[in-house]
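Following: one structure in structure tokens, then a few remarks.
The values are calculated or read from the model by the stated rules, or taken from the named source; none is laboratory data. Since this is a predicted model, take the numbers as computed values, not measurements. We place every Cβ from the backbone using ideal geometry, glycine too, and count neighbours over all the protein chains shown. SASA here: full protein model, heavy atoms, side chains in, ligands and nucleic acids out. Shrake-Rupley method; radii C 1.70, N 1.55, O 1.52, S 1.80 Å.
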Amino acid sequence: MHQNTGLKLALVLVSGLVVISAHAATIDANPSNYRSRLSTLQPGDILNLAAGNYSNNLPVSSLNGTAGAWIIIQGPATNPPAIFLADINNNTVEIRNSSYVAIRNLTLNGQGLDGPFGVSAGTASEPPTHHILVEGCTITNYNGGQQTVGISTKTPTWAWTIRRNRIINAGTGLYLGNSDGSCPFVAGTIENNLVQNPLGYCMEIKFQNVRSAVTSMPTNENRTVIRHNVFIKNDAASPSGDRPNMLVGGFPNSGAGSNDLYEIYGNFFCHNPRESLMQASGRVSIHDNIFVDVVGTAIRLADHDLPLKLAHVYNNTIYSAGTGISVGALPDQEHDIFGNLLFATTSISGAGTNVHDNLSYTKANAGLYVANPSTNPGAMDFFPLAGQCQGTALNLSGVSGETDYSG
């Protein structure tokens with residue numbers, strides 16, 4: 001039986017995706033002149049921001065690169081950084097009506113203000129943003145209130161990549177899509193990020209209403225990939241209500257996007273004193289993740305704003321949980337829960353007929369089966385001991401169309 005092999009799955013780095021035009025102009029800027037130079041950027045240009053403190057925001061407005069010539073706005077790759085200090089009247093990086101733009105290597109400091117977001121993509125009344133890369137940024141202290149967000153999208157978005165960022169001490173780490181189900185977040189990739197100590201969610205992707213036609217938005221079947229991230233909460237109060245570390249909502253009930261899929265794998269979810277580590281509805285593949293330290297439920301599968309339709313949950317390791325996996329209602333289309341290694345008071349609860357080949361042990365006996373069971377991220381090692389956590393070889397044919405399904 002294949003099982004998850006440990007925390008290293010959450011820490012793998014992935015190479016960049018940006019294609020740069022051979023004819024790009026490189027433009028240097030500093031706190032005194034960067035805003036005037038922003039508006040001059042053309043496809044393929046690189047704007048290098050010098051180290052220092054930037055007291056005004058970074059408005060990325062009507063900047064459109066191309067698939068072969070992205071516009072890149074970046075700070076120094078090594079210290080000292082380019083630091084943008086939030087002000088109460090503006091989101092720190094505001095992206096509007098833009099595409100094929102990369103934001104890289106910036107430090108955004110919310111200064112504990114209640115209101116401004118770190119990176120924000122417009123409002124529902126504005127044109128969409130697509131093919132945006134946010135990479136290598138440190139986004140910190142956007143925690144003046146639980147509704148203050150590290151990275152937010154509230155206009156239709158697709159083909160965003162959010163990679164290798166550190167989002168520390170936010171009200172909400174990432175909030176993608178609008179609260180009423182409009183402005184869908186489509187075909188995104190969220191990978192290799194650390195999201196730590198939010199007041200509410202580390203990340204929420206909102207449910208999606210039936211989509212209105214948006215020029216150039218893909219209408220075929222797409223996947224949003226969430227992989228190799230670390231989602232850690234602490235015991236801080238959540239003044240606007242307790243939240244899971246991560247919640248993903250359902251896709252449209254019909255039409256474009258109705259057969260989209262969340263692929264959630266290789267992530268590390270740690271600690272939640274009052275809610276689940278992860279909650280999912282819609283269509284989800286959840287595999288090869290590690291879930292540690294929750295009083296309640298590690299993985300909660302449930303109808304939420306929209307129904308749970310498809311759930312493939314396999315090869316996850318769950319340790320120190322009240323309930324390992326909870327199934328609120330049978331998915332409308334299909335489900336398969338198998339190959340999971342569970343050290344929980346209750347292994348699997350609720351509805352479910354296609355549940356098989358899972359291994360369940362007590363937390364107290366975990367040391368008999370894995371190298372170093374612990375709730376301390378610096379000490380834990382869930383690699384199976386020799387001869388343990390084995391069984392009949394798993395039949396993975398039903399999930400063979402999913403990314404990295406074999407671990």
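What the table below lists for this structure:
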{"item": "Within the chain, helix-based [θ] at 222 nm, where runs of 4 or more DSSP H residues each add -39,500 (n - 2.57), nearest 500", "result": "0 deg cm²/dmol"}
{"item": "Full-stretch length increase - ASP114, SER400 - with 0.36 nm per residue and alpha-carbon distance subtracted", "result": "98.4 nm"}
{"item": "Alpha carbon centroid spacing (whole Å) that separates the stretch 190-221 from the stretch 381-404", "result": "29"}
{"item": "Positive minus negative residues near ASN165 (Lys, Arg vs Asp, Glu; Cβ under 13 Å)", "result": "+2"}
{"item": "With DNA, RNA and ligands ignored, accessible area of GLU275 (1.4 Å probe; Å², nearest 10)", "result": "50"}
{"item": "DSSP bridge pairs, the chain: antiparallel proportion in percent, nearest 5", "result": "5"}
{"item": "Under-5 Å amide H pairs with LEU108, H placed in peptide plane, nonlocal only", "result": "PHE84, THR138, ILE139, THR140"}
{"item": "Cα gyration tensor shape for the stretch 50-130, rounded if a/c is under 1.5, else prolate or oblate", "result": "oblate"}
{"item": "Probe 1.4 Å - accessible area at ILE27, Å² to nearest ten", "result": "40"}
{"item": "Length added when fully stretched, SER55-ARG35, from 0.36 nm per residue minus Cα-Cα", "result": "6.1 nm"}
{"item": "The stretch 322-364 shape via C-alpha gyration tensor axes, a/c threshold 1.5", "result": "oblate"}
{"item": "The chain - percent relative contact order, Cα under 8 Å, separation 6 or more", "result": "10"}
{"item": "Computed over the stretch 159-198: relative contact order in percent, which uses C-alpha pairs under 8 Å that are six or more apart", "result": "63"}
{"item": "Accessible surface of LEU49 - all protein chains present, 1.4 Å probe, nearest 10 Å²", "result": "10"}
{"item": "Surface accessible to a 1.4 Å probe, per residue, for the residues of the chain, Å²", "result": "36"}
{"item": "Whole-Hz couplings from phi, Karplus 6.51/-1.76/1.60, listed for the stretch 332-349; x for Gly and Pro", "result": "5, 9, 6, 8, 7, 10, 7, x, 8, 10, 10, 10, 9, 4, 10, 6, 9, 10"}
{"item": "Calculated from backbone phi, Karplus (6.51, -1.76, 1.60) coupling profile of the stretch 81-88 in Hz, x at Gly/Pro", "result": "x, 8, 10, 9, 9, 5, 10, 5"}
{"item": "Built amide H within the under 5 Å cut-off of ARG283, gap 5+", "result": "PHE251, TYR262, LYS309, LEU310"}
{"item": "Shape call, the stretch 16-159: gyration tensor on alpha carbons, a/c limit 1.5", "result": "oblate"}
{"item": "Accessible area in the full protein assembly, largest first, 1.4 Å probe, for HIS130, HIS287, HIS356", "result": "HIS356, HIS130, HIS287"}
{"item": "Carbon/sulfur fraction of accessible area - the chain, other protein chains in place, 1.4 Å, %", "result": "48"}
